[in-house]
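**Q** Dropping the structure in here first, questions after.
The values are calculated or read from the model by the stated rules, or taken from the named source; none is laboratory data. Computed from a prediction, not measured in an experiment: that's the story for all the values here. Every residue, glycine among them, receives a Cβ derived from its backbone with ideal geometry; neighbour counts consider all protein chains shown. Side chains included, ligands, DNA and RNA excluded: accessible areas come from the protein's heavy atoms. Shrake-Rupley method; radii C 1.70, N 1.55, O 1.52, S 1.80 Å.
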Amino acid sequence: MSVKKIVGWMLLAVAVALFSSCIPNGLVERGIERELPQYIGPAANYDVDIDGLKVRSGEADRIFAVGERVQPTGAPVIDRLELELQQVKYNRAEERLDSVGSAQATARILPADLADFLESYRNVREAAIALQPPNQATLSVRPEVGNLYAPAGITVAITGQLVGEGSLLSFNVSDVSAAGISLGSEAARRISQVINPLADLSTLPIALNIQNIRVESAAIFLEVTADPTSFQLP
């Protein structure tokens, strides 16, 4: 056999070995991508990477999943979700997660998506949101919020602080004004009842707890942890 043929066979063997080694990871990654909508919600795209996969046992040291335009129930669209699972066991035969050691995630929410959610699921109209780091926001609506009305053409400005309370993202209203005139504490209380919670993550199959909220000029970032046992869906 010529040297050229020997080299060719060697390259083919290496390629087959490399391809074969990727198959188990790829199968598990695709399986988890199919499962993620059950845990979090449908998305435009999910992408999953696995570290330290043990093929026989279905165990992995780490799974890192990224979701784009995720649509969870009871919450605004999440523009980008980064989910990290540690010490995972995946059942390939049944295509489901058997156990998770720990889970944490970072969710990026855009002001426009939060405004759309408030218009669709809270009694507000023509909502616009301006963010002020580290955790402040101003919600502008017109001409009504719940049963609070302002004259036509007048914008109601609601300022406050974004806070996490367990699985709830809420807005602590500090001031309500129209045409630059404060409407007082009673208006703030009534509006708080109408718009809160901004998001309720308790409706998801997995149990989430908001640990931190960070506001940048263009997005809201939620850092959350999840109860590992809640990933064991029936």
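**Q** Once label points are set 7 Å from the Cα along Cα→Cβ at both residue 211 and residue 128, what is their separation, rounded to one decimal in nm?
**A** With each label point 7 Å from Cα toward Cβ, the separation is 3.6 nm.
**Q** Take the Cβ-Cβ distance between residue 185 and residue 161 as r, set R0 to 22 Å, and report the resulting FRET efficiency rounded to the nearest 0.05. Intermediate results must be reported in sequence, preceding the final value.
**A** Numbers: r = 16 Å, r/R0 = 0.71.
Approximately 0.90, to the nearest 0.05.
**Q** Okay, moving on. Set the Förster distance to 41 Å, then compute FRET efficiency between residue 192 and residue 55 from the Cβ-Cβ distance, nearest 0.05. Don't jump to the answer; show the numbers that get you there.
**A** Numbers: r = 53 Å, r/R0 = 1.28.
Here the calculated transfer efficiency is 0.20.
**Q** Summarise the accessible area of segment 69-210 (1.4 Å probe, protein heavy atoms) by the percent that is carbon and sulfur.
**A** Roughly 48 percent, rounded to a whole number.
**Q** Expressed in nm to one decimal, what extension gain is obtained for the pair residue 138 and residue 84 from 0.36 nm per residue of sequence separation less their Cα-Cα distance? Provide the component values of the computation, followed by the final result.
**A** On the way: separation 54, 0.36 × 54 = 19.44 nm, distance 3.16 nm.
My answer for the length gained is 16.3 nm.
**Q** Which of the GluC sites (Glu not before Pro) found in segment 162-234 are loop residues per DSSP with 15 or fewer other Cβ atoms within 10 Å of their Cβ? Before the final figure, lay out each step's value.
**A** Values: sites: 165, 186, 216, 223; in loops: 216.
Filter output for segment 162-234: 216.
**Q** Another one. Once amide H atoms are built 1.01 Å from N in the peptide plane, which residues 5 or more positions from residue 59, or in another chain, come under 5 Å H to H?
**A** 54, 90
**Q** Could I ask something else about it? If you take the beta carbon distance between residue 64 and residue 30 as r and set R0 to 22 Å, what does 1/(1 + (r/R0)^6) give as a FRET efficiency, to the nearest 0.05? Display every interim value, and only then the final one.
**A** On the way: r = 15 Å, r/R0 = 0.68.
According to the calculation, E is roughly 0.90.
**Q** Separation between the residue 91 and residue 221 pseudo-spin-labels, each 7 Å from Cα along Cα→Cβ, expressed in nm?
**A** Here the answer is 3.7 nm between the modelled labels.
**Q** Can you give me the distance in nm between label points at residue 44 and residue 120, each placed 7 Å from the Cα along the Cα-to-Cβ direction?
**A** Computed distance between label sites residue 44 and residue 120 equals 1.4 nm.
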